[in-house]
Amino acid sequence: MPTHRPNEISAGGVVARPSDHGWEVCLVLAGKYWGLPKGHFEPGETAQQAALREISEECGIPVDALSIVGALPPSEYAYRRAGRLTFKLVHHFVVVAPAGTGLVPQPSEIDEAVWLSIELAIQKASFADTRTALSAARAVLDSAVR
């Protein structure tokens, strides 16, 4: 499948926190789809800055409590809204929050946010690119210091 020049670019990632049972990751529900927190760039932002800001806003986690521990391959996909085909590129990062961090979903963007084991998150994720990102994040997290 040929790659199209994206006309929409976002950044976000797999947010993880250490727990007594290993890593837990955050999934967000937007409409009827479970995925990763992400959003558009603001002028002058890098992908990393946009990812941290969007995760902070959508999940209610203070940005200074978040740290990027690795980059994941970006995902590319197309979707149709109001008859218009959009090609989207999403830069993904592995982002760690402190143990015990709570989630407060941003009402205008997110219907629900939950912490799950990576295995449960992979099962619950609505799209293949989310499952791919979660699987890739597992390898990064397994090598990260808790």
Quick one: accessible surface of Leu120, probe radius 1.4 Å, all protein chains present, in square angstrom to the nearest 10.
-> 90 Å²
Note, region 33-38: 3J(HN,Hα) by Karplus (6.51, -1.76, 1.60, θ = phi - 60°), whole Hz, Gly/Pro = x, goes 10, 8, x, 9, x, 6
What are the ³J(HN,Hα) values, in whole Hz, obtained from phi via the Karplus relation 6.51 cos²θ - 1.76 cosθ + 1.60 with θ = phi - 60°, for each residue of region 130-144 in sequence order, with x given for Gly and Pro?
-> 5, 4, 4, 5, 5, 5, 5, 5, 4, 5, 5, 5, 4, 9, 7
Matching label for the computed log10 I(q)/I(0) by the Debye sum over Cα atoms at q = 0.10, 0.18 Å⁻¹, out of (1) -0.31, -1.03; (2) -0.50, -1.06; (3) -0.45, -1.05, is (1)
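In the chain, what % of DSSP beta bridges are antiparallel (nearest 5)? If you can, show how the numbers build up before the last one.
Working: 28 of 37 bridges.
Of all bridge pairs located within the chain, approximately 75 percent are antiparallel.
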Mind listing the long-range amide H neighbours of Ala71? Cut-off is under 5 Å, sequence gap 5 or more, other chains count too, H placed in the peptide plane at 1.01 Å from N.
-> Val94
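Can you check what the net charge comes to around Ala121, using other residues whose Cβ is under 12 Å from the Cβ of Ala121 (Lys, Arg +1; Asp, Glu -1)?
On the way: positive: Lys124, Arg131, Arg138; negative: Glu24, Glu119.
That works out to +1.
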Near Lys124, which lysines are there with a Cα under 20 Å away, not counting those fewer than 8 places off in the same chain?
-> Lys32, Lys38
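Roll a 1.4 Å probe over the protein chains and send me the accessible area per residue for the chain in Å².
On the way: 7840 Å² over 146 residues.
On a per-residue basis, 54 Å².
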Of the accessible area of region 57-96, computed with a 1.4 Å probe and all protein chains kept, carbon and sulfur make up a percent value of 56 percent
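Defining a contact as two alpha carbons under 8 Å apart and six or more residues distant in sequence, what relative contact order in percent does region 4-146 show?
33 percent
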Work out from phi, with θ = phi - 60° and the Karplus expression 6.51 cos²θ - 1.76 cosθ + 1.60, the ³J(HN,Hα) of each residue of region 59-68, listed in order in whole Hz, and give x for Gly and Pro.
-> 9, x, 9, x, 4, 6, 8, 9, 9, 7
Distance in nm between Ser67 and Ser135 label points, each 7 Å along Cα→Cβ, equals 2.9 nm
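The values are calculated or read from the model by the stated rules, or taken from the named source; none is laboratory data. Because the structure is predicted, anything quoted here is derived from the model rather than measured. Ideal geometry is used to build each Cβ from the backbone, glycine not excepted, and the neighbour counts take in all protein chains shown. All accessible areas refer to the heavy atoms of the entire protein, side chains included, with ligands and DNA or RNA removed. Shrake-Rupley method; radii C 1.70, N 1.55, O 1.52, S 1.80 Å.
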